[in-house]
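Participant: A single structure is presented below for examination.
FYI, it's all coordinate maths here, none of it is from the lab. These numbers come from a predicted model, not from an experiment. Cβ: placed from backbone, ideal geometry, glycine included. Neighbour counts: every protein chain shown.
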Amino acid sequence: MRDNHLSRRRFLLNMAIAAPAGSLVVSQAAIAEELPRLSPDDPLAVGLQYVEDATKSKSTVYKAGDTCDNCLHIKGTAGDAFRPCAIIPGKTVAAAGWCSAWAAKS
Ligand code: SF4
């Protein structure tokens, strides 16, 4: 099972390297699907006060309306429920989520 997962990931990474520039966005989306979701119990998530539902944040620095979806650090494809984040390597975060590293898009 794990070998199949790694083989698929390796295949997707090879496709991303070999793909023409125009199809790289599709390859990034495929790779994002392979990334595990950041657990709110992960030490990094706890340190950043990450929650999967921003409206449930108990942080004193959270402001209503701020979500991963409108954060400067979000990557991947708009509309996806879980997307990569520039400051959380190797994991995806909930588009509806939030953490204390939230920054406004310029
Ligand atoms: S940095 Fe932004 S996109 Fe990343 S988890 Fe925090 S709020 Fe979400």
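Participant: Quick one: which residues, 5+ away or cross-chain, put their amide H under 5 Å from the amide H of S57? H built at 1.01 Å from N.
Facilitator: Distant-sequence amide H within range of S57: zero hits.
Participant: Next up: Would you mind checking which residues have amide H under 5 Å from Y50's amide H? H placed 1.01 Å from N; only 5 or more apart, or other chain.
Facilitator: S100
Participant: Taking the Cα of V61, stepping 7 Å toward and past its beta carbon, and measuring to each backbone N in the range 75-106: which are under 16 Å?
Facilitator: Correct set: 87-88, 98-105.
Participant: Once Rh for the range 36-106 is found with the Kirkwood sum over Cα pairs, what is the Stokes-Einstein diffusion coefficient at 10 °C and 1.306 mPa s, in µm²/s?
Facilitator: The diffusion coefficient I find is 136 µm²/s.
Participant: On to the next question. If you plug each phi of the range 91-106 into the Karplus form 6.51 cos²θ - 1.76 cosθ + 1.60 with θ = phi - 60°, what whole-Hz ³J(HN,Hα) values come out, in order, with x for Gly and Pro?
Facilitator: 9, 10, 10, 6, 4, 8, x, 6, 8, 6, 8, 3, 9, 5, 5, 7
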